[in-house]
Every structure is written in C-alpha cells, then in structure tokens.
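Just below is one structure, and these are the notes that go with it.
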Amino acid sequence: MDDAVRKIGVQGMEGVGKTTIMKHINNQLLDETCNFSDVIWVTVSETFEIKNLQRQIAKKLNLNLSDYEDELCSASEIHKILSQMKRYVLILDNLSKAFRLDEVGIPEPTRDNGCKLVLTTRLLEVCTRMNCSTVEIHGRGSTGSVYE
Ligand SMILES: Nc1ncnc2c1ncn2[C@@H]1O[C@H](COP(=O)(O)OP(=O)(O)OP(=O)(O)O)[C@@H](O)[C@H]1O
Ligand SMILES: [Mg+2]
C-alpha cells in the first residue's frame with residue numbers, strides 16, 4: 001500500500017466482491033507482520049449508528065464499554081486505546097453512511113502513527129465524504145454477476 005495513502009474506500013455495487021477482496025487483503029496483511037502490528041476487521045451493521053460502531057470496535061479491542069456510557073465517553077475510551085496502538089489497519093466492511101472519525105474515537109490515520117483505514121461501501125458518496133482515496137470495483141461481466 002502506498003505510504004502516502006492513509007484512507008482507502010473500496011466502492012462497488014452489491015455482490016461485486018468487495019468483502020471477498022478485503023478478506024484476501026486482511027489475510028495478506030496478517031502475514032506481513034513487519035508493516036503492520038494489527039489488523040482490526042469490523043463488519044459494520046446494515047443500519048449505521050455511531051453507538052453500534054463504537055461497540056463493534058470496542059469488542060475487537062477487548063474494551064468493555066458500559067451500557068450507560070454515552071457516545072462521547074465511548075469515543076474517548078476508544079481513542080485512548082487506538083492511539084496507543086500504532087501501525088494498525090482498521091477495516092470497516094460495508095459502511096452505509098459517512099461519519100466523523102473523532103465522533104467514534106478513531107484517530108486520524110497519519111504517516112506518524114503508521115495507521116491505515118480501509119472501508120468498503122456501495123456508495124461513492126461515503127468514500128468522498130470520508131476523504132478516502134477511492135478504488136472502484138466493477139462487476140465481473142454478465143457471466144459472473146451475482147444477483148440475490
Ligand atoms: N472474483 C470472484 N470470482 C467469483 N466469485 C466471486 C468473486 N468475488 C466475489 N465472489 C462471490 O460473489 C459473492 C458476493 O461477494 P461479496 O460478498 O464479496 O460482495 P460485496 O461486494 O461485499 O457485496 P455487498 O455490497 O453486498 O457487501 C460471494 O458469494 C463471493 O463468493
Ligand atoms: Mg460485502
């Protein structure tokens with residue numbers, strides 16, 4: 001992955017193979033332990049909510065967010081842990097809505113912290129609003145398309 005690119009949005013229509021590609025990348029990254037210390041995979045819920053995403057990330061971090069904690073407190077708990085962890089790749093699969101990283105508690109990926117954010121989405125708007133470099137995935141043609 002290009003060092004200058006810190007946020008990547010993989011965009012393509014339903015069933016085009018985004019999750020499949022990301023799984024391959026995920027496994028490759030896990031093998032490349034020299035470049036990245038951790039790969040955090042989150043499958044984002046269909047209906048996007050800050051609270052849900054925080055819960056999903058917290059679970060991966062073995063962080064217990066108590067029920068009464070509000071989004072702001074959760075964000076600072078998550079931020080505290082993630083900013084101590086350097087050189088991780090955070091994968092958000094199937095993001096349906098753009099959000100602000102600081103609202104969830106995700107530190108901005110920089111060259112300094114060595115982190116990357118990779119998301120997949122069906123919507124180009126999500127990539128642009130998240131300020132991601134976009135990779136568009138197109139279908140496999142009439143023979144390979146999958147319709148559900
Ligand atoms: N290159 C490929 N060749 C053959 N089959 C593939 C390929 N990529 C994906 N598939 C198959 O297509 C189906 C849909 O793929 P996948 O779940 O990765 O799509 P997606 O883009 O993540 O869709 P969604 O937007 O619904 O999350 C899966 O059953 C997967 O096995
Ligand atoms: Mg998918």
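The values are calculated or read from the model by the stated rules, or taken from the named source; none is laboratory data. Note that the structure is predicted; figures quoted are calculated from it, not measured. Counting neighbours? That spans all protein chains shown, and the Cβs are built from the backbone with ideal geometry, glycine included. SASA here: full protein model, heavy atoms, side chains in, ligands and nucleic acids out. Shrake-Rupley method; radii C 1.70, N 1.55, O 1.52, S 1.80 Å.
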Proximal lysines relative to residue 23, as straight alpha-carbon distance under 17 Å, when same-chain residues fewer than 8 apart are discounted
60, 116
Highest mean first, what order results for 77-85, 52-60 on Cβ atoms within 10 Å?
52-60, 77-85
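Heavy-atom accessible area per residue, the chain, 1.4 Å probe: how many Å²? All intermediate terms of the calculation are to be shown ahead of the outcome.
Working: 8650 Å² over 148 residues.
I get 58 Å² per residue for the chain.
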Can you list the residues, at least 5 places off or on another chain, whose amide H is less than 5 Å from the amide H of residue 91, using H built in the peptide plane?
40, 41, 42, 118
Report the semi-axes of the equivalent ellipsoid for region 1-85 in whole Å, largest first, where each axis is √(5λ) for an eigenvalue λ of the Cα gyration tensor.
25, 18, 12
Only Lys, Arg, Asp and Glu count, each charged at its Cβ (+1, +1, -1, -1), so figure out the dipole size of region 7-144 about its Cα centre, rounded to 20 debye.
380 debye
Heavy atoms only, probe 1.4 Å: what % of the accessible area of the chain goes to carbon and sulfur, would you let me know?
49 percent
Using amide H atoms built 1.01 Å from N in the peptide plane, name the residues 5+ places from residue 134, or on other chains, whose amide H lies under 5 Å from its own.
9
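Rounding to the nearest 20 debye, state how big the charge dipole of region 97-143 is about its Cα centre with +1 on each Lys and Arg Cβ and -1 on each Asp and Glu Cβ.
Numbers: 7 positive and 6 negative charges, 45 e Å.
Once rounded to the nearest 20, the dipole reads 220 debye.
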Could you give P(r) for the chain, binned at 5 Å from zero, as whole percent values over all Cα-Cα pairs?
2, 9, 19, 22, 21, 14, 7, 4, 1, 0, 0
